[in-house]
1. When you check B:GLY256 against the structure, is it without any contact (Cβ under 8 Å) to a residue 60 or more places away in the chain and assigned to a loop (DSSP other than H, G, I, E, B), yes or no?
2. Only one residue in C:ALA115, C:ALA33 is at pLDDT 95 or above, closer than 30 Å to C:THR146 by Cβ and surrounded by 23 or more Cβ atoms within 10 Å (Cβ to Cβ), so which one is that?
3. Condition test on C:ALA131, is it touching a helix residue (DSSP H, G or I) at 6+ places or on another chain (Cβ under 8 Å) and either of a type in the set (A, V, I, L, M) or away from every other protein chain (no Cβ under 14 Å) (or both)?
4. Only one residue in A:GLY209, A:GLY174 is crowded, with 24+ Cβ neighbours inside 10 Å and out of contact with any Gly (no Cβ under 7 Å at 6 or more places or on another chain). Which one?
5. So, A:LEU276, is that one facing another protein chain (nearest Cβ under 7 Å), crowded, with 17+ Cβ neighbours inside 10 Å and at pLDDT 95 or above or not?
6. Please determine, by comparing only the residues of the stretch A:231-268 that are closer than 12 Å to C:TRP191 by Cβ and among the small types (Gly, Ala, Ser), which one is farthest from the other protein chains (Cβ to nearest Cβ).
7. Which residues, counting only those in the stretch A:301-317, are among the hydroxyl-bearing types (Ser, Thr, Tyr), at the interface with chain C (Cβ under 8 Å from one of its Cβ atoms) and within 30 Å of A:ILE278 (Cβ to Cβ)?
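The values are calculated or read from the model by the stated rules, or taken from the named source; none is laboratory data. Not measured: the values here are computed from a predicted model. Because the Cβ atoms are built from the backbone with ideal geometry, glycine has one as well, and the counts that use them run over all protein chains shown.
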Amino acid sequence: MALTLAQLAEQLGAELRGDARLAVSGVATLAEARRGDVSFLANPKYRRYLAGTRATAVILAAADAAAATTPVLVSENPYAAYARAVRALYPPPAPQQGVHPDATVAAGARIDASAWVDAGCVIAADASIAAGVQLGPACIIGSGVTIGEDCRLIARVTVLAGAQIGKRAILHPGVVIGSDGFGMARVEEHWEKVPQIGSVCIGDDVEIGANTTVDRGALGATVIENGVKIDNQVQVAHNVFIGAHTAIAACVGISGSVRIGRHCTLAGGVGIVGHLEIADHVHVNGMSMVTHSISRAGSYSAGTPLMETRSWRRNAVRIKQLDGLVRRVRDMEKTKQNR
Amino acid sequence: MALTLAQLAEQLGAELRGDARLAVSGVATLAEARRGDVSFLANPKYRRYLAGTRATAVILAAADAAAATTPVLVSENPYAAYARAVRALYPPPAPQQGVHPDATVAAGARIDASAWVDAGCVIAADASIAAGVQLGPACIIGSGVTIGEDCRLIARVTVLAGAQIGKRAILHPGVVIGSDGFGMARVEEHWEKVPQIGSVCIGDDVEIGANTTVDRGALGATVIENGVKIDNQVQVAHNVFIGAHTAIAACVGISGSVRIGRHCTLAGGVGIVGHLEIADHVHVNGMSMVTHSISRAGSYSAGTPLMETRSWRRNAVRIKQLDGLVRRVRDMEKTKQNR
Amino acid sequence: MALTLAQLAEQLGAELRGDARLAVSGVATLAEARRGDVSFLANPKYRRYLAGTRATAVILAAADAAAATTPVLVSENPYAAYARAVRALYPPPAPQQGVHPDATVAAGARIDASAWVDAGCVIAADASIAAGVQLGPACIIGSGVTIGEDCRLIARVTVLAGAQIGKRAILHPGVVIGSDGFGMARVEEHWEKVPQIGSVCIGDDVEIGANTTVDRGALGATVIENGVKIDNQVQVAHNVFIGAHTAIAACVGISGSVRIGRHCTLAGGVGIVGHLEIADHVHVNGMSMVTHSISRAGSYSAGTPLMETRSWRRNAVRIKQLDGLVRRVRDMEKTKQNR
């Protein structure tokens, strides 16, 4: 796929400054680009590569245009324009249609004629696969599950428990949707399972990363609203609610019945205690544990700074003495005042 | 499935106060219940929904009965009674029997006639599948593995390394049992693999959540005793021992040769350093790192409280100065005393 | 498999002290060894078991030889010698050759005649599987992927995105290589996907643990150099670079574009913020969050010590007051000086 800069500018909605007839056929970083590539500047950290790039053209913000030595495509959102340039120059493979002979499809499963079911898939009798859906190899679609139009399940995705998945979802390998939540009742000296009979309801345009797990509700549903983006190895427990357009980075763990607002961002490794509520537009920094509900938009953090271990040992042990230390300081302050 | 309140009370071992002939056919939360549902009150947080519920009856403790406006089923353990109500009203699908034609079963595998092996399963020649076992789609049962009576492997479970699994285990999608432990010897400038030749031994009534991994022993076995419950995405390293009826929430990581007692509870995201021993009846709070053995029952925690990031930045940097601060306070105290 | 001590000593490059004709056929810990086993002493913690062991011989360092009551195999690196003894006495099963009839191999896939493809595998048309490769059950090898000589994919491994894997890699069940990175651009009120078009490049002698995920580059490749060892449930984001012979324990999360040096060790649960650089020979202790680049070899830590919850509650809340406390101490110090 090759495009002239004129064509590309039009597709990106960008303003071209430079020779409109030049062609590009690839996208690369400023440092790695070669002739024929379009590059981009979205992170100021990489501005130093702008002068020396071999790219044929660079997507950037108006403020950076003067510093460029190549034709430029000026955009108000250079990162989004870069994403669109990738989409234009690397179109995804054309969707396939039909059912691979090595798939196992139970009689009664509703699979739209325009959908594709690859080898090793196992589809239950009352599952429903909508138009344009692409099921990669070895996906398991359980009883009562609905997969909406144009979803892509890349490979080895498991969807159970009558989960309803909206349109255009992208589910990556190893994803499990609809596993049992961790529910059990203490009876004398042992645990008795609380049967999990709820479901999972996922909106449109949701993306879920490799080996992420989303449990079914205990009663009622675990809900992921439209446009939510979830990275790899995230755990979403039963009856969690995730508001629209929230983004969750890798290795986050969300306990049962947590309610997360819209437009939130959780950085990697965050953990959220059960039954909490988090307002819209909340950002939580990496590896923080959220131990109380958050009712105000804003940025939140926990954790201690990284130190050399020698120094950390000396300081960390003092945390155990912190309450005592505060009391000692208070005592001294009182003594002083009383003098 | 519908039951009269009389029938339900009998199955729950609960005391019915109200019209015994009323029928229920579903279970729902107090807020969401409709006529024909039984609901429950186990968490005081939800008491405010008791008066307004539309449920036909409510399972609750004697102390809450007076506040109810519906028939009630009084139980000493309302949460366990709720679990039983779910089991009574939503019986699991009847077990299947036989081997799906799209399963791959090596000659010599012992599969009880009452077991079920679904499509995409791969069973090794000397594996043994006991009576009543239900293997969902795409499970892999390796050489020398034994799966005990009435186990349910929901889908896509991998069991290797001659692992022995007791009765009635429930293993969720993506579980890996018997993967190699992380053992290697430093030889000059590289790592040499220590072959992992041990196994995994799992007791009866164990449940293991989606995408959890349990490594085989290096030598000897990784052991999970009866009644242990493990949530999603937990990592159990080689030669770990987990005592009976311990419950482990999601995203916990347990390093090699750790020995955990009975009736412990580990909250989500806890990490345990290798070779430690943890007594019976220990509770560890979420995301704590256990860095030393725990010889006494009790509750343990680590970590810092969540703050607004602005405030966290000011405070967290001070942790690096904590040892110095303690010394400064001590100096001032001495000066004062010497005056 | 049984070996005389003379044979074993030769294979280990160890010095035998004792009866060369005695035979051993197993390896066990000092405490569990029986007659016919060789044992080893590598961790001083287990020295107390040396006198009472029933092992036929013990692998140990010269300094420990005098304390032994059995024949000994003296080695400068007893742990590595133990690893070799296991390899000698428990040779892995002979490699298999061919393609199982229940595998799905697309026309055009290049599979060396000496490789093995087990049941349930799905191999794309332009994948390339080199000599001696062993693909266990249900592996998925995507378009353009190359698997180097003598690799072992134990079971249920997914390799996509044209990933190139070197020789002798060992990939454990549930591993996903080449999933999309978490890239998206904010456009007004929603997220737009940044198509991930890079690949993954893995060197020789790499081992990757169960359910670990390695994302493809956004542009360019995610790189894992020779001899890197990665444990279970590790997340490696797009465009990460991991230098040769670095070892990464379970549950580590590495954000996008992080560059890790050679011979590093990351303990369990460590998290690394995106775009950081870590020098060679850096060690990071368990569950630390790396928030800035590390330019010097050494050991680094973060986190707070484990306490009884009662004590933790009193101390942890003081962390929120720490900045104020430092100021109060400074004020008192000033007052004192001014007096």
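1. no
2. Residue meeting the stated conditions: C:ALA115.
3. Against the criterion (touching a helix residue (DSSP H, G or I) at 6+ places or on another chain (Cβ under 8 Å) and either of a type in the set (A, V, I, L, M) or away from every other protein chain (no Cβ under 14 Å) (or both)), C:ALA131 does not qualify.
4. A:GLY209
5. no
6. Ranking the candidates gives A:ALA244 first.
7. Of the stretch A:301-317, the ones among the hydroxyl-bearing types (Ser, Thr, Tyr) are A:301, A:304, A:309, A:311.
If we keep only those that are at the interface with chain C (Cβ under 8 Å from one of its Cβ atoms) too, we end up with A:304, A:309.
Listed by number, the list holds a single entry, A:THR304.
Table: residues versus (1) of a type outside the set (Val, Ile, Thr); (2) under 30 Å from C:ASN43 (Cα atoms).
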site	(1), (2)
B:VAL145	no, no
B:ILE177	no, yes
B:PHE182	yes, yes
B:GLU192	yes, yes
B:PRO195	yes, yes
